[in-house]
Amino acid sequence: MRVGFLTPEVASSYGWARYALELAGALQALGVEVVALTRQHTIPPDIPIPLRPVLPSLVPQPRGFLARSLLAGNRTRRAAQDCDLLHVIAEPYAPLAAWIAGDRPLVVTAHGTYVPKLVRRRLAGPLYKWALADAHLIAVSDYTAAQVRAALPGADPTVIRNGVHFDRFQVPAPVPVKHGPTVLASGGVKERKGTHLLIEALAQVREQVPDAQLVVTGRQDNPAYLDEVRARITRLGLEGCVHLVGQIPEADLLGWYQHADLFALPSLNVGDKFEGFGLVFLEASASGLPVVGTTGSGVEEAVIAGETGLLVPQDDAPALAGAITRLLVDDALRVRMGTTGRVYAQTQDWSAVAARVLALYEQIMR
């Protein structure tokens, strides 16, 4: 079986790209041939699957993306002509995939916000509804599946939760320079990731843990929000203990996962945007870190409350500070949750996830 992924990239740098990378590798280990239809860019030499750069750029999404996408139809059809099944990794490519699929099965993974958001668009919504009507939908959490059903009546997504490449997080990485007990947040400086709440919480945490530090990794592509976050850091006098390090090399990220003291990401539902699952929580658990997340989204399925970490209400800086402080001052609790999290993450390895996806492929092909 040859499967064509539609994804902007195959890389470890952000959600869609990482999902494509990990799932493709795990499927190949099960004997599935995967090719990736990607945006036109320089192809990294270390990607273990064939890349066919025919898609329009998606990250960040340009104006007129849908029209650009459909204009790429002919070259994408040629690139995918030897595929038995198409799998849309990045939901905005769904109309293009539906147009070129012909009689071949089409699978679309709903990662979170995008499917409900796209089908509700005033002008483009009907096109996305058409594209998704005959697709086989995968939802990465029960929460995401519920949101998809609410937005797309009649849809019945198969829930296959995200996985983690467990072994990758067991390889020793360089030890980062730490200046005290460190809270790690990975996922970028974004309102939906609650970066501003982390900063407010850290100010409260330092009342009991004076040398506590916060390290935030990932994209910083919203200048206005980044300026707001930096102003908050200055206002609270946290310049020396909040580190917005941006996108860093994989080895450095692994180093923080392995040597931070806990992981915290207070995800928010902002408008129609929500956290579909929260893969970074599994990555932190695989590294042996206790985690702190928020209720009211797919995060509740990535964190086993009271066992692998703590869950607090959304948009509640005092509750967030309390959870972080509790873990920083209670060594036994921190170690226990980190150990339990590592065991849990191992059961969610991508090999198990890929087996579920392959079973769906085979069911569809029959």
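Structural remarks
- Neighbour net charge for Y114 - beta-carbon separation under 12 angstrom, K R +1, D E -1: +2
- Here is the list for region 1-94: trypsin sites (Lys or Arg not before Pro) lying in DSSP coil, each with at most 16 other C-beta atoms within 10 angstrom of its C-beta, are R63.
- Distant-in-sequence amide contacts of G309, defined by a placed amide H-H separation under 5 Å and a gap of 5 or more residues or a different chain, comprise V291, I304.
- Magnitude of the charge dipole, the chain, Cβ model with Lys/Arg +1 and Asp/Glu -1, debye to 20: 1160
- Pairwise centroid distance, computed over Cα atoms, of region 92-124 with region 285-305, Å: 28
- Amide H within-cut-off set for V34, under 5 Å, with H built and near neighbours excluded: V3
- Under 5 Å, built H, 5+ apart or other chain: amide partners of I138: V108, T109, A110, T158
- Taking a ≥ b ≥ c as the square roots of the eigenvalues of the Cα gyration tensor, an a/c ratio below 1.5 marks region 166-347 as rounded.
- Using Cβ point charges alone (K and R +1, D and E -1), the dipole size of region 166-347 about the Cα centre works out to roughly 200 debye.
- Full extension of the chain between R68 and L226 gives 53.9 nm of extra length, using 0.36 nm per residue less the Cα-Cα distance.
- Given the chain, longest segment not containing exposed loop GluC sites (Glu not before Pro) (DSSP; at most 12 other Cβ within 10 Å): 1-206
- Other residues with beta-carbon under 11 Å from the beta-carbon of V209 carry, at +1 per Lys or Arg and -1 per Asp or Glu, a net charge of -1.
- Between D252 and E33, the simple label model (points 7 Å from Cα in the Cβ direction) yields a spacing of 4.0 nm.
Values quoted throughout were computed directly from the atomic coordinates according to the rules given, and no laboratory measurement underlies them. Remember, predicted model here, so these are calculated numbers, not experimental data. Methodologically, a virtual Cβ is constructed for each residue, glycine included, from the backbone with ideal geometry; neighbour enumeration extends over all protein chains shown.
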